[in-house]
Amino acid sequence: GDGVNNTIEALGNVELRNGDGTVNADRIFYNKNTKRVDLYGNIKANNVEIGKISSSRAVVKDDLTKGQFLDATLVFDDGSYMESPEVTRVSVNVTRLKNAIFSLCPNPKIRLDNSYVGKERNFISIKNSETTIDRDKNYIKVKNGTVRIYDFPVFFTPYLYFPLPAQERK
């Protein structure tokens, strides 16, 4: 730690907790003045939306309410998942993904072990320019999406809206 600059750096299997939220990383750099936490390497965050997020680099607020994860994968509790180069947690209940791929089909193998993400081809996925996950309204909204079957583009849709994987079908 640095008492003059109010910073703390931790290395190893570092864990940051706040309420129900937990983030683990190989390295964490915390600035008490700005309340900013920079995370590096093998980042795993629990209780983000309705699943787990993994990333290689992230910047979050110290209370875990806002932040940005780069080269991230969000795995829902049912085994469906999203991959995105940029995931921004706008608030506790709203998250946006840029240029995401959303694998729609629940996968029990991925649900049990998140390391299977991306190792098999997706039956149905949506590649899109922006995805919004809103827990207040219990929906996922996709903009400019291309629905793909086994990575083959089937049709384009400017807008899709459906319930979160943990919700009842609509």
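The values are calculated or read from the model by the stated rules, or taken from the named source; none is laboratory data. What you are looking at is a predicted structure, and each value in this text was computed from that prediction instead of being measured. Here the Cβ positions follow ideal geometry from the backbone for every residue, glycine too, while neighbour counts run over all protein chains shown. Quick note on the areas: whole protein, heavy atoms, side chains included, nothing else; ligands and nucleic acids left out. Shrake-Rupley method; radii C 1.70, N 1.55, O 1.52, S 1.80 Å.
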Checked against the positive end of the charge dipole of the chain (+1 on Cβ of Lys and Arg, -1 on Cβ of Asp and Glu, about the Cα centre), the farthest of Phe155, Ser55, Val14 is Phe155
Using alpha-carbon positions, the gyration tensor of the range 78-170 gives root eigenvalues a ≥ b ≥ c; with a/c under 1.5 called rounded, otherwise prolate if a/b exceeds b/c, else oblate, the class is rounded
The local net charge around Thr7, scoring Lys/Arg +1 and Asp/Glu -1 for residues other than Thr7 whose Cβ lies under 14 Å from its Cβ, equals 0
So, over other residues within a Cβ distance under 11 Å of Arg57, counting Lys, Arg +1 and Asp, Glu -1, the net charge is -3
Treating only Lys and Arg (+1) and Asp and Glu (-1) as charged, each at its beta carbon, one finds that the chain has a dipole about its Cα centre, in Debye to the nearest 20, of 400
From DSSP H assignment alone, runs of 4+ in the chain each adding -39500 (n - 2.57), the sum over residues rounded to the nearest 500 puts [θ] at 222 nm at -500 deg cm²/dmol
Once the in-chain neighbours fewer than 8 apart are removed, the lysines whose Cα is under 21 Å from Lys109 read Lys44, Lys52, Lys119
Once both label points are put 7 Å beyond Cα along the C-beta direction, the Ile149-Arg135 separation in nm becomes 3.5
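Using unit Cβ charges (K, R positive; D, E negative) and no other charged atoms, how large, in debye to the nearest 20, is the dipole of the range 1-80 about its Cα centre?
240
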Heavy-atom accessible area of the range 1-47 with neighbours in place, 1.4 angstrom probe: carbon+sulfur share in percent works out to 43
The range 1-127: Kirkwood hydrodynamic radius (Cα pairs, Å) comes out at 15.1
Hits in the range 82-123: amide N under 17 Å from the 7 Å Cα→Cβ extension of Phe156, namely 99-100
Around Lys143 (Cβ within 15 Å, Cβ-to-Cβ, excluding Lys143; K/R +1, D/E -1) the net charge comes to +1
Heads up, the range 16-59 by the C-alpha gyration tensor (a ≥ b ≥ c square roots of eigenvalues; a/c under 1.5 rounded, else a/b over b/c prolate, else oblate) looks oblate
SASA check, Lys98, accessible area w/ 1.4 Å probe, all protein chains in place, rounded to nearest 10 Å², comes out at 90
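Rank these by accessible area, largest first, 1.4 Å probe: Leu39, Leu112.
On the way: Leu39 0, Leu112 140 Å².
If we order Leu39, Leu112 from most to least accessible, we get Leu112, Leu39.
When only the heavy atoms of the protein chains count and the probe is 1.4 Å, how do Tyr150, Tyr30 rank by accessible area, highest first?
Numbers: Tyr150 110, Tyr30 55 Å².
Putting Tyr150, Tyr30 in descending order of accessible area: Tyr150, Tyr30.
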In a Gaussian network model of the chain with springs linking alpha carbons closer than 10 Å, the residue among Glu86, Glu120, Glu130 that fluctuates most is Glu120
